[in-house]
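Undergrad: Below you'll find the structure I mean.
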Amino acid sequence: MIFKVRERTVSRMNELGKMIFDARKLKGESLRVTAAACKISHNYLADIEQGKRFGSLKVLRRIAKHFDLAPRDLSVVLEEMRKRKAENAIDRLN
């Protein structure tokens, strides 16, 4: 069960990263330019694009705003983050 949950989380992280990568390429921006505009390090943005990290809610909102993405475009990702936080809380109780 835990493996499937993590597998879905990784899949959603990859989807988010691909969406951000595609938006950045469509806009013709370098990783560094986008990261600076979103007030994050280029390494952090690279990790998000590569599906290694989710990014905080605050950062995801900045990225969405930068690319004029509707908040609902990130709703799947945000819901996954809420689930992950709940699962982490449950794990700490066990």
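Undergrad: Checking Thr34 against (1) at pLDDT below 80; (2) hydroxyl-bearing (Ser, Thr, Tyr); (3) touching a Phe, Trp or Tyr at 6+ places or on another chain (Cβ under 9 Å): exactly one of these is not met. Which one?
TA: All conditions are met except number (1).
Undergrad: Name the one entry in Lys85, Lys52 that is at pLDDT 85 or above and out of contact with any strand residue (DSSP E or B) (no Cβ under 7 Å at 6 or more places or on another chain).
TA: Unique residue meeting the criteria: Lys52.
Every residue, every condition in (1) under 22 Å from Lys85 (Cα atoms); (2) exposed (fewer than 14 other Cβ atoms within 10 Å of the Cβ); (3) touching a helix residue (DSSP H, G or I) at 6+ places or on another chain (Cβ under 6 Å), yes or no:
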| site | (1), (2), (3) |
| --- | --- |
| Gly17 | yes, no, yes |
| Lys25 | no, yes, no |
| Arg32 | no, yes, yes |
| Ala35 | no, no, yes |
| Leu45 | yes, no, yes |
| Leu57 | yes, yes, no |
| Arg62 | yes, no, no |
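The values are calculated or read from the model by the stated rules, or taken from the named source; none is laboratory data. Remember, predicted model here, so these are calculated numbers, not experimental data. Methodologically, a virtual Cβ is constructed for each residue, glycine included, from the backbone with ideal geometry; neighbour enumeration extends over all protein chains shown.
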